[in-house]
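These notes are about the structure you will find just below.
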Amino acid sequence: MAGAVLWLAPVGSPARADQLEPPTGEVLLIVGGEIENTNIRDEAHFDREMLRALGMTEIVSRTPWHEKDTVFEGVLALRVMEAVGARGTSVRAIAANDYKVSLPFEDFAGYGVLLAMYVDGEALRLRTKGPIWVIYPEGTDLPSHAREERMIWQLVKLHVE
């Protein structure tokens, strides 16, 4: 898929930009770049309830930062990309401290990448790697250093490229 442009048609999401509802709560995630559906200028802003409405997924996985299996709950990154009508080959993930990492678009479907908002039932906050932590499930064919590098925490923005 390298070099290919992926188009993700919204599934169960608005077909037109003016139909993506604006957030009513605290904004946890902003998605910009090559997207069709927006709600504030040329971006899609999501609060916790908007993300939850996309469908919650729970995975049990181990990370280098946990000594045991941990329950992560959030929305699949692919669902967010579908909701905004994203098209591109990569997504720049940006943390609250401006740390950035590039995530290959194909990872979202291929690995079931999760945008975790809860760990072991507790809502993530800035001091606990929140508001969102990108989780790559254990057992992928990615080298461990690549998996760890892509699991950005304190995620606040995704920029589709």
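Just a few scattered comments:
- Within region 53-75, tally of residues that are modelled with pLDDT of 95 or more, on the phi < 0 side of the Ramachandran plot and in contact with a helix residue (DSSP H, G or I) (Cβ under 7 Å, 6 or more places away or on another chain): 2
- Test: residue in region 95-111 that is among the polar types (S, T, N, Q), surrounded by fewer than 22 Cβ atoms within 10 Å (Cβ to Cβ), over 19 Å from Ile35 (Cβ atoms) and modelled with pLDDT under 95: no
- Considering only residues in region 4-52 that are assigned to a loop (DSSP other than H, G, I, E, B) and on the phi > 0 side of the Ramachandran plot, the one that is modelled with the highest pLDDT turns out to be Arg41.
- Residues in region 55-78 that are surrounded by 15 or more Cβ atoms within 10 Å (Cβ to Cβ) and either part of a strand (DSSP E or B) or among the aromatic types (Phe, Trp, Tyr) (or both): Met56, Thr57, Ile59, Ser61, Thr70, Phe72, Glu73, Gly74, Val75, Leu76.
- Looking across Val91, Val160, Val60, one residue alone is among the β-branched types (Val, Ile, Thr) and within 25 Å of Thr24 (Cα to Cα). It is Val160.
- Set Val160, Val134, Val156, Val119: member being over 19 Å from Ser102 (Cα atoms), within 17 Å of the chain's Cα centre (by Cα) and of a type in the set (Val, Ile, Thr): Val119
- Enumeration of residues in region 127-161 that are among the aliphatic types (A, V, I, L, M) and under 18 Å from Glu73 (Cβ atoms): Ile132, Val134, Ile135, Met151, Ile152, Leu155
The values are calculated or read from the model by the stated rules, or taken from the named source; none is laboratory data. Please read these numbers as outputs of a predicted model, since none were measured by experiment. Virtual Cβ from ideal backbone geometry, glycine too; neighbours counted across all protein chains shown.
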